[in-house]
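Worksheet: the structure to be examined is printed underneath.
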Amino acid sequence: MDANAPLTERGRLRLAQCVVDDHWPLRRAAERFQVSTGTAKRWADRYRTDGPAGMRDRSSRPHHSPNRTPRPIERKVLHLRKTRRLGPVRIGWLLGIPASTCHSVLRRAGTARLADLDRGTREPVRRYEHDRPGDLVHVDVKKLGNIPDGGGHRTQGRAQGKLNRTATPGHSTDKRGGARLGYAYLHTALDDHSRLAYTEILTDETKETAAAFWRRAHAWFTAHGITVVRVLSDNGSCYISRLWHDTCHQLGVTVKKTQPYRPQTNGKVERFHRTLADEWAYAKAYTSENARRRALPRFLHTYNHHRHHSAIGGPPASRVPNLSGQNT
């Protein structure tokens, strides 16, 4: 029902019955129900024609839309979207029509957003979420350049920032001494249902490092009351190794892999890494790598226990029953 309607369906019916059945003058009925005489006449006429059913709201959409985009143009818009995966602005430029018109056509057709389409198949990505914490845990590694002592290019300019690019991975000082170089490897395990995350900064992404990290992550989830059933990873060398499979088997965890060229299958942990970069790694201009690393535990606690996650309607801890420290 229209939120601005002065009468409910029952009120309309009473008004129409006063006019039609009880033979009230339109002006008197309009004054009694505090509406215009035109409104009183409209409901009375509908009552004469359709009876009580005529008191329902009707669509305000016109029967004909003479200014609607012609069908051939609509088909061209949809064809460009499907075959070339273009947005409204580029489609409008190619066809010589406003981008707003293209947007209206795409919206009427119910097309998925470009961000929700698989790059390879151009089909909508199927979203899923497991029912319980631990049913599936995503793991992945993100590489970050270490910050030289005194700050990188964000505080010292591009010349200082080049130190990271020219460094040999694993080296901790440059020729002038003191500046940490090379890379940090963020190993993350993230629960599919709750989005609860466990992250460590390690020195590499070898199979030994990944397996040892997974043992600690598994123990951390267990301590938080989560029984891990499956673990999902990409096809990186550390995750296809015999050591990784043996470690998971010893822990009683089923190993799953993403399909080749389908990174969105592991998209939850990759999205977390983007949040990690935006809200921790690059959230401020750190003056040293140690300063950035000291800030990680606080970020993880905030993310797990306090930060509102838009996909689940609250912090990850809210989806884990009886989680210790949930309200701290």
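FYI, it's all coordinate maths here, none of it is from the lab. Treat the numbers as computed from the prediction; the structure is a model and nothing was measured. We place every Cβ from the backbone using ideal geometry, glycine too, and count neighbours over all the protein chains shown.
Observations, loosely collected:
- Built amide H within the under 5 Å cut-off of His309, gap 5+: Gly314
- Dipole check for the range 9-55: with +1 at the C-beta of Lys and Arg, -1 at the C-beta of Asp and Glu, and the Cα centre as origin, the magnitude is about 120 Debye.
- Sorting 86-93, 185-192, 229-236, 105-112 by average packing, meaning the other beta carbons within 10 Å per residue, from highest down gives 185-192, 229-236, 86-93, 105-112.
- Ordering of 60-71, 247-258 by packing is 247-258, 60-71, highest average first (other Cβ atoms within 10 Å, averaged per residue).
- Greater than 28 Å apart at Cα, pairs in Lys82/Lys256; Lys143/Lys268; Lys143/Lys257; Lys76/Lys257: Lys82/Lys256; Lys76/Lys257
- Mean Cβ neighbour count within 10 Å, used as a protection proxy, ranking 278-286, 307-315, 203-211 highest first: 203-211, 278-286, 307-315
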